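One structure is given here, and the rest of the page talks about it.
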Amino acid sequence: MKPIRIFISSVQQEFAQERAVLREYLQGDPLFRRFYDVFLFEDVPAQDKRADELYLDEVERCDIYLGLFGCDYGSEDAEGISPTQREFDLAGELSKPRFIFVKSSNAKCHPKMATLIGRADNHLIRRHFTSLPELTTAVYASLVHYLEDVGCLRTGPFDATAARSATLEDISPDKVQWFLSCARNARDYALAETTSVTDVLTHLDLLDKGTPNHAAILLFGVKPQRFLISSEVKCMHFHTLEKRKPIPSYQIYKGTIFDLVDKAVDFVMSKLNRSVGTRALGPQAPVEYDIPPEVVAEGIVNAVAHRDYTSNASVEVQLFPDRLEIWNPGTVHPPLTLEKLLLPHASQPNNPLIAEPFFLTKYIEKAGSGTVDMLKRCRKADMRQPKFHVDSGFFILTVWRKRIAAAEDQGEQGVESQPESQLESGPDWHQVGTKLALSRHQVEILHKCLIDSGITELMEIAGRTDRTKFRNQVLNPLIEAGLLEMTLPDKPRSSKQKYRLTEKGHDLLKKQTKGTDADEK
């Protein structure tokens with residue numbers, strides 16, 4: 001199939017960034033790059049040809065004219081006409097589809113540009129935008145509709161296609177009004193809080209021939225999981241370093257994607273260790289969590305906003321003693337790579353119609369900067385660098401927890417972080433009395449010794465091979481603390497020697513379990 005050629009108008013400097021972002025987005029999107037080819041005047045090498053002749057030739061060759069209109073009319077030729085108007089007029093004469101996107105601004109518009117914008121009123125597309133995310137979303141919706149109109153797509157991208165059997169009655173007016181209130185406060189959104197549901201959905205491109213599309217259901221649905229059962233989020237809290245049953249705390253959250261983010265973030269934050277500092281610098285004592293709240297929120301928002309909603313899998317949020325893992329159905333689409341996520345990059349949302357309302361409500365703070373901000377916050381907190389990887393159809397984010405030793409009294413005394421050498425091991429810390437802090441391996445060994453266990457089994461838990469060092473560094477401190485005892489105390493080196501939990505050890509584990517249960521309630 002011959003590519004559909006898009007001519008992006010305007011050689012004036014006003015839209016240099018917008019043109020570059022649109023080109024990268026259209027060439028990187030897995031759907032659009034199958035169908036579209038983009039022409040930008042800046043990409044043309046030097047030629048023995050007048051610029052005005054070149055861009056008009058390209059208008060003749062193109063299949064779609066995409067016009068970016070702002071306040072700047074551009075340089076005028078001998079007849080007082082700018083290149084932008086020449087392109088627009090020629091595209092009209094040749095009956096090319098013309099998609100016009102007008103940038104809203106408080107600046108005074110050139111009179112000729114205002115006239116040109118007025119002439120565009122009656123053409124195929126005329127949308128206003130104030131930011132790059134808004135422009136990308138509007139262009140995305142327009143080009144999807146074009147592919148459907150010319151028969152290239154029988155169904156559009158998932159978030160833009162109609163939700164089967166959905167009607168406007170499946171949209172919650174309360175959730176739409178909540179969105180309008182948040183968007184106006186956060187981004188000075190143009191629509192008033194009294195705007196009708198239909199007008200809001202239309203403005204956000206959330207209707208497909210009058211039917212709410214999947215993005216509309218996910219954002220504002222009364223019961224989104226009625227249409228998209230796997231859009232739920234599963235949250236799990238483990239006391240061990242691996243997924244093991246029974247799971248101490250397991251919640252499945254349903255609702256709109258705004259609800260899912262809020263509930264999942266609350267779940268994680270309620271399980272994290274925290275320290276309370278002193279009031280030396282002010283009337284309120286500072287609180288520090290072993291993962292910064294902004295990092296937790298960013299990871300969960302990214303998973304919900306960018307997941308593959310055609311997958312039967314759900315987002316999974318898994319909290320372990322040493323780390324937080326967020327499993328997101330999907331992968332990284334070109335031109336993005338796992339390596340590029342570590343560097344500043346342009347925003348390339350997998351679900352633009354979902355990303356735009358998230359941006360307007362500040363659930364997404366800056367386009368393309370989320371992963372970079374996450375890395376910066378982890379470095380500032382002296383934490384290990386988060387890890388991104390793809391496995392078995394999931395994009396997985398791993399954030400390592402910072403070790404905070406729990407003080408006997410977390411009031412005015414405050415809490416200090418563990419040394420860097422201890423940070424690498426990763427789990428929660430449990431105090432024995434007021435002096436001994438247990439490593440993750442020692443905690444696991446206590447659980448293992450609920451039944452009599454030999455030294456070989458226990459060494460495997462700690463990944464140790466030297467028996468002497470293992471006894472001195474791991475087992476003996478537990479025995480000296482009265483948490484473990486030998487089954488053959490008179491024969492410490494016996495090959496039949498095993499270790500079991502003492503009454504004090506049982507009490508410690510019970511207190512830990514009760515504390516966890518209380519938190520979960």
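Evaluating residue 370 against the criteria (1) open to solvent by 40 Å² or more (accessible area, probe 1.4 Å); (2) modelled with pLDDT under 90 leaves one unmet condition, (1).
Going by what's in this entry, would residue 210 be described as small (Gly, Ala, Ser) and surrounded by fewer than 14 Cβ atoms within 10 Å (Cβ to Cβ)? It is true that residue 210 is small (Gly, Ala, Ser) and surrounded by fewer than 14 Cβ atoms within 10 Å (Cβ to Cβ). Going residue by residue through region 220-234, is there one that turns out to be open to solvent by 10 Å² or more (accessible area, probe 1.4 Å), closer than 30 Å to residue 448 by Cα and not in a helix (DSSP H, G or I)? For region 220-234, residues open to solvent by 10 Å² or more (accessible area, probe 1.4 Å), closer than 30 Å to residue 448 by Cα and not in a helix (DSSP H, G or I): present.
Residues checked against (1) within 21 Å of residue 508 (Cα to Cα); (2) in contact (Cβ under 8 Å) with a residue 40 or more places away in the chain; (3) in contact with a Ser or Thr (Cβ under 7 Å, 6 or more places away or on another chain):
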| site | (1), (2), (3) |
| --- | --- |
| 448 | yes, no, no |
| 460 | no, no, no |
| 470 | no, no, no |
| 480 | yes, no, no |
| 483 | yes, yes, yes |
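Residues in region 54-77 that are part of a loop (DSSP other than H, G, I, E, B) and under 38 Å from the mean Cα position of the chain (by Cα): 62, 63, 70, 71, 72.
I'm trying to understand the selection: among the residues of region 164-201, which are touching a Pro at 6+ places or on another chain (Cβ under 8 Å), assigned to a loop (DSSP other than H, G, I, E, B) and crowded, with 18+ Cβ neighbours inside 10 Å? Passing the criteria: only 166.
Among the numbered conditions (1) open to solvent by less than 40 Å² (accessible area, probe 1.4 Å); (2) out of contact with any strand residue (DSSP E or B) (no Cβ under 9 Å at 6 or more places or on another chain), the only one that residue 132 does not meet is (1). Which ones in region 54-76 are modelled with pLDDT under 85 and not hydroxyl-bearing (Ser, Thr, Tyr)? Selection gives 54, 74.
Residue count for region 248-262, restricted to those that are crowded, with 18+ Cβ neighbours inside 10 Å and assigned to a helix (DSSP H, G or I): 4.
Screening residue 400 on (1) open to solvent by 20 Å² or more (accessible area, probe 1.4 Å); (2) of a type outside the set (Val, Ile, Thr); (3) modelled with pLDDT under 90 shows it passes everything except condition (3).
Just so you know, in region 474-487 the residues that are closer than 10 Å to residue 442 by Cα and out of contact with any Gly (no Cβ under 9 Å at 6 or more places or on another chain) include one that is surrounded by the fewest Cβ atoms within 10 Å (Cβ to Cβ), and it is 477. Here region 137-191 is the region considered, the condition is being under 20 Å from residue 224 (Cα atoms), charged (D, E, K, R) and touching a helix residue (DSSP H, G or I) at 6+ places or on another chain (Cβ under 7 Å), and the residue that is modelled with the lowest pLDDT is 159.
Scanning region 283-333 for residues that are in a strand (DSSP E or B) and open to solvent by less than 10 Å² (accessible area, probe 1.4 Å) turns up 315, 317, 318, 319, 324, 326, 329.
Under the condition of being in contact (Cβ under 8 Å) with a residue 40 or more places away in the chain, of a type in the set (A, V, I, L, M, F, W, C) and out of contact with any Leu (no Cβ under 9 Å at 6 or more places or on another chain), the residues counted in region 191-234 number 1. Among the residues of region 272-294, none qualifies, meaning not one is at pLDDT 90 or above, polar (S, T, N, Q) and out of contact with any Cys (no Cβ under 8 Å at 6 or more places or on another chain). Being within 15 Å of residue 14 (Cα to Cα) and in contact with a Pro (Cβ under 7 Å, 6 or more places away or on another chain) holds for only one residue in 70, 74, and it is 74.
Among residues of region 385-399 that are over 18 Å from residue 298 (Cβ atoms) and without any contact (Cβ under 8 Å) to a residue 60 or more places away in the chain, those with a Cβ under 8 angstrom from a residue that is open to solvent by 60 Å² or more (accessible area, probe 1.4 Å) and of a type outside the set (Asp, Glu), sequence gap 6+ or separate chain, pair up as 390/331.
I'd like to know if region 224-233 contains one or more residues that are under 30 Å from residue 444 (Cβ atoms) and either in contact with a Ser or Thr (Cβ under 9 Å, 6 or more places away or on another chain) or of a type outside the set (Val, Ile, Thr) (or both). Yes, region 224-233 contains a residue that is under 30 Å from residue 444 (Cβ atoms) and either in contact with a Ser or Thr (Cβ under 9 Å, 6 or more places away or on another chain) or of a type outside the set (Val, Ile, Thr) (or both).
The values are calculated or read from the model by the stated rules, or taken from the named source; none is laboratory data. All figures in this text were calculated on a predicted structure; none of them were measured in a lab. So basically every Cβ, Gly included, is an ideal-geometry build from the backbone, and we count neighbours across all protein chains shown. In case anyone asks, the SASA skips ligands and DNA or RNA and just uses the protein heavy atoms, side chains included. Shrake-Rupley method; radii C 1.70, N 1.55, O 1.52, S 1.80 Å.
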